[in-house]
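Peer 1: Got a structure for you, written out below as C-alpha cells; questions coming shortly.
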Amino acid sequence: MHPVITASVPLLEPPGWAIAQRELFGLLDHAWRRFARDFTGPDGRLLYNDRLTSRDGVDDFYETFFNWPQLYLLGGADDLLTASERHWEGVTRQLTELGMLHEEYERGYDWFHQGESLLLFYFLCMAAPERWTARALRFADLYVDPACGNYDPEHRVIRRPHNGGDPRREGLFDGANYPWLPKEAEMYGFPLEWVLPPGAPEPEREHDPRLGEEMRARMGTGDTAVNLAASGLVLNALILSGERRYRDWIATYVGAWRERAAANGGIVPDNVAPDGTVGGLLEGRWYGGLYGWSWPHGWYSVGHAAMVAALAGAAATGDDSFLDLVRPALDEIIGHGRVMAFAEADSSIRSKWVAQLGEDVDTPTLHVPFRYGDQGWFDYNPMLMAVPTALWHHSASAADRERIERLRAAAGYDWRTVRAFRSKEEAGHEEPWFAFLAGDDPGYPERILAAAQAQVRHRLGRMDRYRGRDVPEADIHVWQQSNPVVTEALVQLTWGGPQVIYNGGLQQARVRYHDADARRPGLPPSVAALVSRIDPEATVVDLVNLDPEATRRVVVQAGAFAEHTIRTAGHTVCTDPSWTGDLYDYGHGRPAVTSGEVRVDGPWLLVELPRSTRVRLTLRLDLRTRTPSYRTPFDSPSAGGDS
C-alpha cells in the first residue's frame with residue numbers, strides 16, 4: 001500500500017483560490033452539458049448537414065471536445081468520460097460518412113492539423129487505457145509498420161506531407177490548385193515564392209505555378225518537419241503497451257531529424273526529399289517545406305512539432321539530449337529579436353495577439369521572427385511561451401529557466417497581467433503563471449480562475465447566439481469557438497504543468513490526483529489543490545477539503561504518467577487542539593502548525609483529508625526515474641514500473 005498522510009491543520013477561513021476553483025468545476029459541469037444538448041445529436045455527433053469539399057475539416061470536428069476528457073482527468077463529473085467517448089465515437093462515424101476517414105483514422109493530411117485532431121484521443125487513452133489501447137496501437141502502426149506505406153525505414157522519412165490511414169492519398173490537394181483563399185494569401189503570402197521571376201506580375205489563381213504543379217511536385221512528397229508530431233502518436237502507444245518497437249521508432253525517426261538539425265547549424269530544417277536529402281526538392285533550401293519555416297506559420301508550426309518530438313524522444317529513451325532538437329532553433333530566433341510595438345510588426349497571426357496583448361499592443365516589447373525565406377528572417381511576433389515553458393518544465397534545468405528569465409526581462413509589459421481570453425490552444429497564460437511560480441504574484445490563482453470563469457460565461461453567451469443555426473462548411477469553427485470547457489487554469493494550478501502542446505503533444509504535469517474512494521482519476525468533490533512551486537527538490541502542493549462533513553482521500557501522483565518518484569513528503573501538522581478555546585470563549589485561537597515528513601520512494605502518496613482540513617505538502621521528486629505509464633494506484637503491483 002502507499003504511504004499515508006492524514007491532514008490535521010483545521011480549515012477555518014477557506015482560501016479564495018480554493019473556493020474559486022471548486023466554483024469553476026461546478027460552472028464547467030453546467031457548461032459542457034449545455035453544449036452537448038444544444039450542438040450534438042443523440043449519438044454524440046455534431047449537428048451538421050453540409051458536406052466537406054476539401055481535405056480540411058477533421059481537426060475542426062474533434063477539436064471541439066479536445067479538453068473534455070482532460071477536465072474529467074482533473075476532477076470533472078463522473079459521466080464526463082462517458083460523454084467524451086460518445087462524442088469521439090459519434091464524430092468518427094460522422095467523419096467516416098463525410099469521406100474523411102479510413103478505418104477511423106484521417107485519410108491523409110498534414111500533422112499540423114492531425115496533431116490537433118488527436119488531442120481528444122490522447123486524453124481518452126489517458127483516462128480509460130483499457131478501452132482505447134487497441135485503437136491506439138493500430139493508429140501508431142500506420143507509421144511504425146512500413147507495410148502501411150507512411151514510413152520509409154531506409155531513409156528514415158515519413159514519405160509524404162499528407163499521410164494517414166489511406167495509402168492512396170497523395171499530393172496536397174485533389175483539384176488542379178491548392179484551395180487558397182484571398183484572405184490566407186494576404187496573411188501568409190505564397191509558398192515557393194522564388195518560382196516566379198523577380199518582378200513578375202501576380203498570376204491568375206488557376207495559373208499560379210506556386211499553387212499548382214510546382215507545389216505538388218516540390219512540397220507534396222517527402223518528409224516535412226511538422227511530421228515530427230507523429231512521434232506523439234507513437235509515444236502514446238509506447239506508454240500504453242511498453243512495446244520496444246515503438247521506442248525504437250521514436251529514437252530512430254526523431255534521431256534522424258536531430259542529425260539533420262545538427263548538420264544545419266542546429267536549426268531543424270523543414271523538408272527532406274524522398275531520398276533523405278535536406279532541400280532535395282527545393283534546390284538545396286533547408287526551408288520551404290509544407291507548414292515549414294517559410295509558409296504558412298514558421299515557428300508556430302515547426303517549433304511545436306519539434307517540441308512534441310523532443311519530449312517524445314526524451315520520454316521514450318530517457319535521453320534528455322533529444323531536447324537539443326529544439327533549443328538551438330529557439331535560441332536562434334531569440335537572437336534575431338527586435339524590440340517594437342506589436343502594432344508595428346509584420347505578424348501574420350494578428351488576431352491571436354490582439355486578444356492576448358490587449359492594451360499592450362502598443363507597448364514596445366521583444367519580438368522574434370517566426371519565418372525564414374530567401375529574404376532572411378521575417379514575420380515578427382512576441383514569443384510564444386509554450387515551447388520555452390515546456391522545455392523548462394521537463395528539464396528543470398537552470399539554463400532553460402534562465403532563458404525564460406531573459407525573455408521576461410526583455411518584455412515591455414508586466415508578466416503578472418492576467419487577461420481573460422481563450423486562444424485556439426486554450427493556452428497563452430504561461431507568463432503570469434511563471435511569475436507566480438517565481439514567487440512574484442501570490443494573487444495569480446484567484447485572477448486566473450476569475451479569467452477562466454469569464455471565458456466560460458462568454459462562451460455560454462456565444463452558444464445562445466449560435467445554437468439552432470444550420471452550420472455551413474465555411475463556419476465549422478463555430479463549435480471550437482463555442483466550446484465552453486476551459487482547463488488551462490486548472491492544469492497550471494492543480495497539476496503544476498503547462499497546458500498541453502496543442503499540435504499533438506501529450507500532457508506534462510508535476511503531479512496528478514486520483515480519488516481514492518471513487519477509484520478514478522481527478523480531485524474528489526470538495527477538494528481543491530494548488531501547486532505553488534515545481535522545483536524537484538521542493539514541489540509544493542496545498543490540498544484543501546472544503547466539505548464540512550465528509551472525509552476525502554486523495555492519491556497524489558508524481559508526474560502525468562507516474563514517471564517521477566516521490567522520495568520524501570514533508571507536510572504540515574497540527575496536533576494541539578487548544579486553538580478551539582474553552583467552552584465560554586467567544587473566539588478561537590491560532591492553530592499551532594508544525595511539520596512532519598514521511599518516506600515515500602514511489603510514485604504515489606495517499607492523503608486523507610478529514611472534514612474542513614488542509615495540508616501543505618513539500619515533495620522531493622526524482623524526475624523521470626520510472627517508465628511512463630497509464631497505470632494507476634489502483635492497479636495490481638505487477639502493473640508497476642521501474643524505480
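Peer 1: Considering every residue within region 117-130, establish whether at least one is modelled with pLDDT of 95 or more, small (Gly, Ala, Ser), farther than 23 Å from Ile476 by Cα and in contact with a strand residue (DSSP E or B) (Cβ under 8 Å, 6 or more places away or on another chain).
Peer 2: Yes: region 117-130 contains one or more residues that are modelled with pLDDT of 95 or more, small (Gly, Ala, Ser), farther than 23 Å from Ile476 by Cα and in contact with a strand residue (DSSP E or B) (Cβ under 8 Å, 6 or more places away or on another chain).
Peer 1: Take the residues in region 378-395 that are buried (at least 20 other Cβ atoms within 10 Å of the Cβ) and either hydrophobic (A, V, I, L, M, F, W, C) or not assigned by TED's automatic domain parsing to the domain that holds Leu311 (or both), then tell me which one is farthest from the chain's Cα centre (by Cα).
Peer 2: Taking the candidates together, the pick is Met383.
Peer 1: Select from region 176-211 the residues that are part of a helix (DSSP H, G or I), under 23 Å from Trp286 (Cα atoms) and in contact (Cβ under 8 Å) with a residue 60 or more places away in the chain and list them in ascending order. Steps first, please.
Peer 2: Narrowing region 176-211 to residues part of a helix (DSSP H, G or I): 182-188, 193-195, 205-207, 209-211.
Remaining after also requiring under 23 Å from Trp286 (Cα atoms): 185, 187-188, 193-195, 209-211.
Of everything in region 176-211, those that are part of a helix (DSSP H, G or I), under 23 Å from Trp286 (Cα atoms) and in contact (Cβ under 8 Å) with a residue 60 or more places away in the chain turn out to be Met187, Tyr188, Glu193, Trp194.
Peer 1: If you don't mind, another one. Would you say Asp166 is assigned by TED's automatic domain parsing to the domain that holds Asp56, farther than 25 Å from Val278 by Cβ and modelled with pLDDT of 95 or more?
Peer 2: Yes, satisfied.
Peer 1: While we're on this one: Can you tell me which residues in region 402-431 are under 23 Å from Asn483 (Cβ atoms) and either free of Cβ contacts under 8 Å to residues at least 12 places away in the same chain or surrounded by 16 or more Cβ atoms within 10 Å (Cβ to Cβ) (or both)?
Peer 2: If the condition is that a residue be under 23 Å from Asn483 (Cβ atoms) and either free of Cβ contacts under 8 Å to residues at least 12 places away in the same chain or surrounded by 16 or more Cβ atoms within 10 Å (Cβ to Cβ) (or both), then Val418, Arg419, Ala420, Phe421, Arg422, Ser423, Glu425, Glu426, Ala427, Gly428, His429, Glu430 are the ones that fit.
Let's see how each residue does on (1) part of a helix (DSSP H, G or I); (2) under 19 Å from the mean Cα position of the chain (by Cα); (3) of a type in the set (Ser, Thr, Tyr); (4) on the phi < 0 side of the Ramachandran plot:
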site: Ala309; (1), (2), (3), (4): yes, yes, no, yes
site: Leu323; (1), (2), (3), (4): yes, yes, no, yes
site: Leu330; (1), (2), (3), (4): yes, yes, no, yes
site: Ile334; (1), (2), (3), (4): yes, no, no, yes
site: Val339; (1), (2), (3), (4): no, no, no, yes
site: Gly358; (1), (2), (3), (4): yes, no, no, no
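Peer 1: Let me ask you something else. Listed residues Pro484, Pro498, Pro445; which is buried (at least 19 other Cβ atoms within 10 Å of the Cβ), farther than 29 Å from Leu617 by Cα and touching a helix residue (DSSP H, G or I) at 6+ places or on another chain (Cβ under 9 Å)?
Peer 2: After ruling out the rest, the residue left standing is Pro484.
Peer 1: So Ala261 clears everything in (1) at pLDDT below 95; (2) among the small types (Gly, Ala, Ser); (3) under 23 Å from Glu154 (Cα atoms) except one condition, right? Which one?
Peer 2: Only one criterion in (1) at pLDDT below 95; (2) among the small types (Gly, Ala, Ser); (3) under 23 Å from Glu154 (Cα atoms) is unmet by Ala261, namely (1).
Peer 1: Determine, yes or no, whether Thr96 is in the same structural domain as Val58 (by TED's automatic domain parsing) and without any contact (Cβ under 8 Å) to a residue 12 or more places away in the chain. Walk me through it before giving the result.
Peer 2: On the way: in the same structural domain as Val58 (by TED's automatic domain parsing): yes; without any contact (Cβ under 8 Å) to a residue 12 or more places away in the chain: yes.
When the stated conditions are applied, Thr96 passes them.
Peer 1: Residues that are of a type in the set (Val, Ile, Thr) and at pLDDT 95 or above: which helices (runs of 4 or more DSSP H) entirely in region 1-88 hold 2 or more of them?
Peer 2: Ranges flagged: none.
Peer 1: Can you work out which of the residues in region 511-554 that are aliphatic (A, V, I, L, M) and in a loop (DSSP other than H, G, I, E, B) is nearest to Leu606 (Cα to Cα)? I'd like the intermediate steps shown before the answer.
Peer 2: Initially, region 511-554 is screened for residues aliphatic (A, V, I, L, M), giving 511, 516, 518, 523, 527-531, 534, 538, 540-541, 543-544, 546, 550, 554.
Still in the running and in a loop (DSSP other than H, G, I, E, B): 516, 518, 523, 546, 550.
Working: Ala516: 8, Ala518: 14, Leu523: 12, Leu546: 18, Ala550: 17 Å.
Restricting to residues being aliphatic (A, V, I, L, M) and in a loop (DSSP other than H, G, I, E, B), the top hit is Ala516.
Peer 1: Filter region 417-439 down to the residues that are under 15 Å from Ile534 (Cα atoms) and out of contact with any Phe, Trp or Tyr (no Cβ under 8 Å at 6 or more places or on another chain) and list them by number.
Peer 2: Glu430, Leu437, Ala438, Gly439
Peer 1: Could I ask something else about it? Only one of Leu80, Leu52, Leu46 is under 27 Å from Ala516 (Cβ atoms) and either buried (at least 22 other Cβ atoms within 10 Å of the Cβ) or not assigned by TED's automatic domain parsing to the domain that holds Arg520 (or both); which? If you could, list the steps in order and put the result at the bottom.
Peer 2: Values: Leu52 fails: under 27 Å from Ala516 (Cβ atoms); Leu46 fails: under 27 Å from Ala516 (Cβ atoms).
None of the others qualify; the one that does is Leu80.
Peer 1: Take Arg160 and tell me if it is in a helix (DSSP H, G or I) and not hydrophobic (A, V, I, L, M, F, W, C).
Peer 2: no
Peer 1: Right, next: Among (1) free of Cβ contacts under 8 Å to residues at least 12 places away in the same chain; (2) in contact with a strand residue (DSSP E or B) (Cβ under 9 Å, 6 or more places away or on another chain); (3) aromatic (Phe, Trp, Tyr), where does Tyr586 come up short?
Peer 2: Of the numbered conditions (1) free of Cβ contacts under 8 Å to residues at least 12 places away in the same chain; (2) in contact with a strand residue (DSSP E or B) (Cβ under 9 Å, 6 or more places away or on another chain); (3) aromatic (Phe, Trp, Tyr), the odd one out for Tyr586 is (2).
Peer 1: Which of the residues spanning region 457-507 are in a loop (DSSP other than H, G, I, E, B) and polar (S, T, N, Q)? Walk me through how you get there before you give the answer.
Peer 2: In the first step, residues of region 457-507 are kept if they are in a loop (DSSP other than H, G, I, E, B); the result is 467-472, 476-477, 483-487, 496-507.
Asn483, Thr487, Gln499, Asn503, Gln507 - these are the residues of region 457-507 that are in a loop (DSSP other than H, G, I, E, B) and polar (S, T, N, Q).
Peer 1: Within the set of pairs 6+ apart or on separate chains, which have a first residue in region 463-479 that is in the same structural domain as Tyr62 (by TED's automatic domain parsing) and β-branched (Val, Ile, Thr), a second that is loosely packed, with under 13 Cβ neighbours inside 10 Å and part of a loop (DSSP other than H, G, I, E, B), and C-beta atoms under 8 Å apart?
Peer 2: Val471/Asn49; Val478/Arg469
Peer 1: For region 251-258, indicate whether the set of residues that are out of contact with any strand residue (DSSP E or B) (no Cβ under 9 Å at 6 or more places or on another chain), of a type in the set (D, E, K, R) and surrounded by fewer than 16 Cβ atoms within 10 Å (Cβ to Cβ) is non-empty.
Peer 2: No, because not a single residue in region 251-258 is out of contact with any strand residue (DSSP E or B) (no Cβ under 9 Å at 6 or more places or on another chain), of a type in the set (D, E, K, R) and surrounded by fewer than 16 Cβ atoms within 10 Å (Cβ to Cβ).
Peer 1: Count, please, the residues in region 555-598 that happen to be under 26 Å from Ser395 (Cβ atoms) and assigned to a strand (DSSP E or B). Walk me through it before giving the result.
Peer 2: Of the residues in region 555-598, the ones under 26 Å from Ser395 (Cβ atoms) are 556-570.
Within this subset, residues satisfying the condition of being assigned to a strand (DSSP E or B) are 556-558, 565-570.
Count: 9.
Peer 1: Being assigned to a strand (DSSP E or B) and surrounded by 16 or more Cβ atoms within 10 Å (Cβ to Cβ) is true for just one of His367, His304, His297. Which residue is that?
Peer 2: On the way: His304 fails: assigned to a strand (DSSP E or B); His297 fails: assigned to a strand (DSSP E or B).
After applying the criteria, what remains is His367.
Peer 1: Moving on. What are the residue pairs meeting all of these: first residue in region 549-560, first residue surrounded by fewer than 24 Cβ atoms within 10 Å (Cβ to Cβ), second residue acidic (Asp, Glu) and part of a strand (DSSP E or B), Cβ atoms under 7 Å, and 6 or more apart or on different chains?
Peer 2: Thr551/Glu608; Arg553/Glu608
Peer 1: Moving on. Test of understanding: among Ala309, Ala316, which residue is in contact with a Lys or Arg (Cβ under 6 Å, 6 or more places away or on another chain) and closer than 24 Å to Thr389 by Cα?
Peer 2: Exactly one residue qualifies, and that residue is Ala316.
Peer 1: Could you list, in sequence order, the residues of region 11-42 that are small (Gly, Ala, Ser) and farther than 15 Å from Pro525 by Cβ? Give the steps one after another, and end with the answer.
Peer 2: Looking only at region 11-42, we keep the residues that are small (Gly, Ala, Ser), and these are 16, 18, 20, 26, 31, 36, 41.
If the condition is that a residue be small (Gly, Ala, Ser) and farther than 15 Å from Pro525 by Cβ, then Gly16, Ala20, Ala31, Ala36, Gly41 are the ones that fit.
The values are calculated or read from the model by the stated rules, or taken from the named source; none is laboratory data. Since this is a predicted model, take the numbers as computed values, not measurements. Don't worry about glycine lacking a Cβ; one is built from the backbone with ideal geometry, like all the others, and counts go over all protein chains shown.
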